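Here's the structure we're looking at; comments come further down.
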Amino acid sequence: MSVVGQSEVLPTLDLRRFDAGGPERAAFLSELRSAAGGVGFFYLIGHGLDDKLIQDALSISRRFFALPEPDKLAIEMLNSPHFRGYNRAGFEHTQGKPDWREQVDIGPEREALPFDRSAPLWTRLQGPNQWPAALPELKPTLLAYQDRATALAIRVLRAFAAALEQPENVFEPIYTPAPNQLIKIIRYPGRAAEQGDQGVGAHKDSGFVTILLQETQGGLQVQGERGWIDAPPVAGTFVVNIGEILEMASNGYLRANVHRVVSPPPGTDRLSIAFFLGARLDASVPLLSLPPHLAAQARGVTQDPQNPLFREVGRNYLKSRLRSHPDVAQRHHADLIDSASAKLEPASAY
């Protein structure tokens, strides 16, 4: 049984203090550095997202998961070479084991690029989303949410840049004009303990930052020094965490941390909406020149032979997708599957 650090709680940061300037801004940046040097997760308030849009996004997600299974399977991810669409529980894998969650992956609305074996492999990832004919309201609601979540994530990214004593726009060259966004609407069905508890297995996120909206049921846990730290839903907040791009850019001063979701008990379920902001698929992650007092605290990039990190953004993202969705990989990208290593690398959720 894994130990849960019951006495530990995630810090709460107010983004309005970043915009306030003067001593308030300086104090906020100090607290952000402290959170980043700890577990790398925090609750965010003062985020400015309209509560109606938040509730609409949660409501429409609930309505989607309540659809008959044939309506959901009409947009099954298996149909999409771009890894977009619906997955039944058990069809995404983390560390080689099935995650017990049903979900829809929604990226930016872009045209597919022509298939060309001589083109960079990341070009296979660009393409349209799948939308359910049985619930046409899903598209406008979630695209509106994506726009607002993108703006929020960029504000948080600018705060991290300032905390590193860099220009606030230091990351713009690798995410403009076309950042790699992803929304996952996720439902974790309840199940008995003897059936397993992997809602989603232990993993790190591979983008810049993740903005997580939780409904009311807990289950998110963050790895701490003394065990797993519960991160229950808190009304009016998002949970924000650092992704691997920031770890690489800061030479480990900012560290992407391991987290998981434990399945809820029988008779309940857990709903969440995860938004991931990533760099352009054709970009490479720079190594920032940190001031000496920060560089001295940089811990270096995580070296894990089972999950190598590449500075080529598209290569990192494709690696994750191929490992976490083996059915899609086999149908659409069989030429990219390395049978000797396909089961060795744990996948990120994004």
Original post:
Out of all the residues in region 227-266, which are closer than 12 Å to Val209 by Cβ and among the aromatic types (Phe, Trp, Tyr)?
Top reply: Phe238
Subject >> Residues located in region 9-26, provided they are assigned to a loop (DSSP other than H, G, I, E, B), open to solvent by 40 Å² or more (accessible area, probe 1.4 Å) and at pLDDT below 95 >> reply: Val9
Subject >> Subset tally (residues that are farther than 21 Å from Thr141 by Cβ and either basic (Lys, Arg) or in a loop (DSSP other than H, G, I, E, B) (or both)) for region 83-115 >> reply: 16
**OP:** Inspect all residues belonging to region 315-328 and state whether any of them is part of a helix (DSSP H, G or I), within 15 Å of Glu244 (Cβ to Cβ) and open to solvent by 60 Å² or more (accessible area, probe 1.4 Å).
**Re:** yes
Subject >> Residue list for region 125-147, restricted to those being closer than 17 Å to Gln181 by Cα and either assigned to a loop (DSSP other than H, G, I, E, B) or open to solvent by 20 Å² or more (accessible area, probe 1.4 Å) (or both) >> reply: Gln126, Gly127, Pro128, Asn129, Gln130, Trp131, Lys139, Pro140, Thr141, Leu143, Ala144, Asp147
Original post:
For Ile45, are the conditions met, namely being within 30 Å of Arg16 (Cβ to Cβ) and under 18 Å from the mean Cα position of the chain (by Cα)?
Top reply: no
Subject >> Count of residues meeting criterion [of a type outside the set (S, T, N, Q), under 16 Å from the mean Cα position of the chain (by Cα) and under 18 Å from Tyr317 (Cα atoms)] in region 86-117 >> reply: 7
Original post:
Restricting attention to region 43-62, does a residue exist that is aromatic (Phe, Trp, Tyr), open to solvent by 10 Å² or more (accessible area, probe 1.4 Å) and either in a loop (DSSP other than H, G, I, E, B) or under 26 Å from Trp228 (Cβ atoms) (or both)?
Top reply: yes
Subject >> Conditions (1) assigned to a helix (DSSP H, G or I); (2) among the small types (Gly, Ala, Ser); (3) at pLDDT below 90: number failed by Ser341 >> reply: (1)
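The values are calculated or read from the model by the stated rules, or taken from the named source; none is laboratory data. Computed from a predicted structure; not experimentally measured. Note: ideal-geometry Cβ built from the backbone for every residue, glycine included; neighbour counts use all protein chains shown. Surface areas here come from the heavy atoms of the whole protein model, side chains and all, with no ligands, DNA or RNA. Shrake-Rupley method; radii C 1.70, N 1.55, O 1.52, S 1.80 Å.
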